[in-house]
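What follows is calculated from the coordinates using simple rules that are stated; it is not laboratory data. None of these values were measured; they are calculated from a predicted model. Cβ sites come from the backbone with ideal geometry, for glycine too, and all protein chains shown count toward neighbours.
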Amino acid sequence: MRTIKTIQDVRILQKARVFSDQFTKYLEDEFLGLKEAFDFDGADTAFTLDLHGFIVVLEKGDNLRDLSIVGLNRLDGGLLGSLPEFIEKVECDQEQWYKIVVIYTNEYGMAFYLPKEAITDDEEIQTWLEAHVE
C-alpha cells in the first residue's frame with residue numbers, strides 16, 4: 001500500500017519506478033486536480049491532502065478486508081464494507097486499475113486505486129467492484 005499526501009510522494013514513486021510512467025503521471029494529474037479543486041493558490045510542494053483525505057494505491061497482497069490503517073477496519077469488512085461514492089475503471093498503458101472513492105465525512109474522502117491484476121484470485125472482490133463500477 002502506498003499513500004500519497006503530497007506531490008513529493010508522487011515524485012518519489014516516479015523516481016523509484018514503482019509503477020508505470022503513465023500511471024504515475026496519472027497520479028500526478030489527479031493530485032494537481034485535487035489541489036485545484038481545493039482552491040489552493042500556493043506552490044505544488046506546499047499543498048497536502050492531510051485535511052481532505054489522501055490517495056491510496058493498493059497493491060497485490062494488501063488485505064482489502066482490513067484497511068484499518070486508512071479507516072476501513074476489519075470488523076466492518078474493510079473496503080468491501082464501505083459504501084463508495086463511485087468506482088470507475090482507469091487504463092494506463094496495458095494496466096487496468098479501479099478507482100474507488102470513499103467519502104468519510106462532508107470534508108474528508110479517500111481515493112483508492114486497485115490494480116485489476118491484484119484481484120484475479122478473489123471472485124468476491126471482483127463481483128463487488130463490478131456491481132459498483134460506473
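Key figures
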| quantity | calculated |
| --- | --- |
| Residue check, Q126 among the polar types (S, T, N, Q), surrounded by 12 or more Cβ atoms within 10 Å (Cβ to Cβ) and either assigned to a loop (DSSP other than H, G, I, E, B) or touching a residue at least 12 places away in the same chain (Cβ under 8 Å) (or both) | no |
| Selected residue (only one of E91, E36, E85, E30 is touching a residue at least 40 places away in the same chain (Cβ under 8 Å) and of a type in the set (D, E)) | E30 |
| Segment 69-82: number of residues that are within 22 Å of T6 (Cα to Cα) and without any contact (Cβ under 8 Å) to a residue 24 or more places away in the chain | 0 |
| Sole exception among (1) within 17 Å of M1 (Cα to Cα); (2) touching a residue at least 24 places away in the same chain (Cβ under 8 Å) for N63, by number | (2) |
